[in-house]
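Quick notes on the structure that follows.
The values are calculated or read from the model by the stated rules, or taken from the named source; none is laboratory data. Predicted model, so just to flag it, every value in this text is computed and none were measured. Positions of Cβ are backbone-derived with ideal geometry, glycine not excepted, and every protein chain shown enters the neighbour counts. The accessibility values were calculated without ligands, DNA or RNA, using every heavy atom of the protein model including side chains. Shrake-Rupley method; radii C 1.70, N 1.55, O 1.52, S 1.80 Å.
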Amino acid sequence: MSNFLGELVLDNDIKVLVAKSVGSSLINILRSGNMQSREAALKALNQISSCEASAKVLIEAGILPSLVKDLFTVGTNQLPMRLKEVAATILANVVISDYDFDSILVGPDHQTLVSEDIVHNLLHLISNTGPAIESKLLQVLVGLTNSPSTVISVVAAIKSSGAIISLVQFIEAPQKELRVASIKLLQNLSPHVGQELADALRGTVGQLGSLIKVISENISITDEQAAAIGLLAELPERDLGLARQMLDDGAFMLVYSRVVKIRQGGSKGGRFVTPFLEGLVRVLARVTHVLADEQDAIALCRELNLAALFIDLLQTNGLDTVQMSSATALENLSQESKNLTRLPELPTPGFCASIFPCFSQQPAINGLCRLHRGTCSLKENFCLLEGQAVDKLVALLDHPNEKVVEAALAALSTLLDDGVDIEQGVMLLCEAEGVKPILDVLLEKRTENLRRRAVWVVERLLRSDEIAYEVSGDPNVSTALVDAFQHADYRTRQIAERALKHVDRLPNFSGVFPNVG
């Protein structure tokens, strides 16, 4: 009967029915049957475990301890490798289900699937078996790292085993199933071990190049491509060595071309298009984090006119990650604008000017940027004013996602930064009708990061007498600033004190901070 079940093609409803009816019996055969019976039971369980609902039934029937024992047992009663592969397939099927695997005991010493020694045993098997079983065991780890409740335990066990370098090597595997499983696992690990992965990917071994090759395949977008770009997107943004290698390998140029192709409607991939585009934009934004250290990064941003692309991407409604990453990239580009602006060459004062100061007044020069006081362009020095980006960033200040709001506010902050004409920056925000949305961000106080940024921007706005006069009549703004003055971090409290002085609403317990510039 077990053999017969293993050969049948069943729909999902029937799989659930079979699991409920005979799942326990099949698991009992695994525990106590002879090798021929165990093989038949494994094949039947493989058939009925490939549906999430039936997998849950099998978990509750106690399948996990038997599978773990069959995978790890060596010696007289061990399964042959072809059957261990079936056991690994079943385990991969069941861990995909939404279950709390941290609470199910699978070993004699109160181990669970995410206990350190169990994960170490899985990693040992992965390193010492063939590609077929390796891919299934990697899929087991993918399933366990998909869940926020179990990923931390798995990460800790992988770290303690020193397996990162071994796992990275699978990126170059010729077997697609093995390569895809490894990339998906590394993507899940990357938010937790980003620096270790960046260190492992850098260098001459070639894994970074293999990832780029996966991303570059000009086919319908696959889950492998989405995972590969997601892995790269999670690596530390400011890793200069990684950025340098990506510049040398032409990775940013490739990523740019894929973004443009998707924007032009030239890519197909169904449900993978969105995560692929999000990852591409995050990776492309990485080049803007190293502008101060890499002249080649500046040259690339100019060559591809990346500032214009990121401004365009601000308007991709419904893709919060794309909007947030684009605003962050524009913040980085705009911060570099003042260092790249070409200042006008003024004539040397003549003989008369050296004697009579009244002759030394410089002639007015037309066409200079109000903000940077020099010759600006969006392409050459990434000036947000030249790119008409201010209105688009202001429009994001009422976005429901606070991370998008924070990124947009950070980009707008560069208009009021030291090194630019702050008075003109205030005027630009007034012209873009950005003052009220900024004040609203302060009043809403959705997160501490947002409050910190909003207080900084509002203090700069209140240096304008007109805005200070208008705000002085709004008790809500004063209350929000007083609240920041009392409860925010030390630096923000200092800035809130200065803001309150601008509107003459400083509480009577002021003066607790030394004067700061």
If I ask for residues that are closer than 17 Å to residue 147 by Cα and outside any loop (DSSP other than H, G, I, E, B), which ones from region 184-218 would you list?
184, 185, 186, 187, 188, 189
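How many of the residues making up region 44-64 are outside any loop (DSSP other than H, G, I, E, B) and either within 11 Å of residue 97 (Cβ to Cβ) or not polar (S, T, N, Q) (or both)?
We begin by selecting, within region 44-64, every residue outside any loop (DSSP other than H, G, I, E, B); these are 44-48, 52-60, 63-64.
With either within 11 Å of residue 97 (Cβ to Cβ) or not polar (S, T, N, Q) (or both) added as a condition, the list becomes 44-45, 48, 52-60, 63-64.
The qualifying residues number 14.
Just name the residue that is least open to solvent (accessible area, probe 1.4 Å) out of those in region 9-32 that are of a type outside the set (A, V, I, L, M) and closer than 24 Å to residue 111 by Cβ. Explain how you work it out, then say what you get.
Initially, region 9-32 is screened for residues of a type outside the set (A, V, I, L, M), giving 11-13, 15, 20-21, 23-25, 28, 31-32.
In the following step, the residues that additionally are closer than 24 Å to residue 111 by Cβ were identified as 23-24, 28, 31-32.
Values: 23: 0, 24: 64, 28: 77, 31: 133, 32: 97 Å².
Selected residue: 23.
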Taking the stated definitions as given, is residue 406 open to solvent by 40 Å² or more (accessible area, probe 1.4 Å), outside the structural domain of residue 471 (by the TED database), modelled with pLDDT of 95 or more and in a helix (DSSP H, G or I)?
yes
Taking the condition open to solvent by 20 Å² or more (accessible area, probe 1.4 Å), without any contact (Cβ under 8 Å) to a residue 12 or more places away in the chain and under 22 Å from residue 52 (Cβ atoms), does residue 103 pass?
yes
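Residue by residue, here is whether (1) open to solvent by 10 Å² or more (accessible area, probe 1.4 Å); (2) within 29 Å of the chain's Cα centre (by Cα) holds:
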{"site": "438", "(1), (2)": "no, yes"}
{"site": "443", "(1), (2)": "yes, yes"}
{"site": "448", "(1), (2)": "yes, yes"}
{"site": "452", "(1), (2)": "yes, yes"}
{"site": "462", "(1), (2)": "no, no"}
{"site": "466", "(1), (2)": "yes, no"}
Restricting the search to region 374-394, which residues are touching a residue at least 12 places away in the same chain (Cβ under 8 Å), in a loop (DSSP other than H, G, I, E, B) and polar (S, T, N, Q)?
388
With the requirement that a residue be in contact (Cβ under 8 Å) with a residue 24 or more places away in the chain and of a type outside the set (Gly, Ala, Ser), what does region 492-506 give you?
492, 495, 498, 502, 503, 504, 505
Matching residues in region 60-94 - criterion: being more than 24 Å from residue 178 (Cα to Cα) and either in contact with a Lys or Arg (Cβ under 7 Å, 6 or more places away or on another chain) or buried (at least 20 other Cβ atoms within 10 Å of the Cβ) (or both)
63, 66
Among the listed residues 417, 398, identify the single one that is farther than 24 Å from residue 476 by Cα and open to solvent by 30 Å² or more (accessible area, probe 1.4 Å).
417
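How many residues are of a type in the set (Asp, Glu) and open to solvent by less than 40 Å² (accessible area, probe 1.4 Å) if we restrict to region 214-266?
Here is the first cut: in region 214-266, the ones of a type in the set (Asp, Glu) are 217, 223-224, 234, 237, 239, 248-249.
With open to solvent by less than 40 Å² (accessible area, probe 1.4 Å) added as a condition, the list becomes 224, 239.
Looking only at that region, the number is 2.
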Of (1) touching a Gly at 6+ places or on another chain (Cβ under 7 Å); (2) open to solvent by 30 Å² or more (accessible area, probe 1.4 Å); (3) not polar (S, T, N, Q), residue 307 fails just (2)
All but one of (1) assigned to a helix (DSSP H, G or I); (2) farther than 29 Å from residue 291 by Cα hold for residue 221; state the number of the condition that does not hold.
(1)
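Just need a number here: residues in region 472-494 that are under 21 Å from residue 427 (Cα atoms) and open to solvent by 10 Å² or more (accessible area, probe 1.4 Å). I'd like the intermediate steps shown before the answer.
Within region 472-494, the subset under 21 Å from residue 427 (Cα atoms) is 472-474, 477.
Next, only the ones that are open to solvent by 10 Å² or more (accessible area, probe 1.4 Å) stay: 472-474.
Qualifying residue count for the region: 3.
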Working only within region 471-517, note down all residues that are hydrophobic (A, V, I, L, M, F, W, C) and modelled with pLDDT of 90 or more.
477, 480, 481, 482, 484, 485, 488, 495, 496, 499, 500
Looking only at region 350-403, and only at residues there that are under 30 Å from the mean Cα position of the chain (by Cα) and charged (D, E, K, R), the one that is modelled with the lowest pLDDT
386
Result of the Cβ filter at 6 Å on region 136-153, keeping first residues that are part of a helix (DSSP H, G or I) and partners that are of a type outside the set (A, V, I, L, M), at least 6 apart or interchain, is 136/89; 138/182; 142/184; 144/150; 145/188; 151/145
Which residues, counting only those in region 184-208, are surrounded by fewer than 17 Cβ atoms within 10 Å (Cβ to Cβ) and closer than 22 Å to residue 174 by Cβ?
203, 204, 205, 206
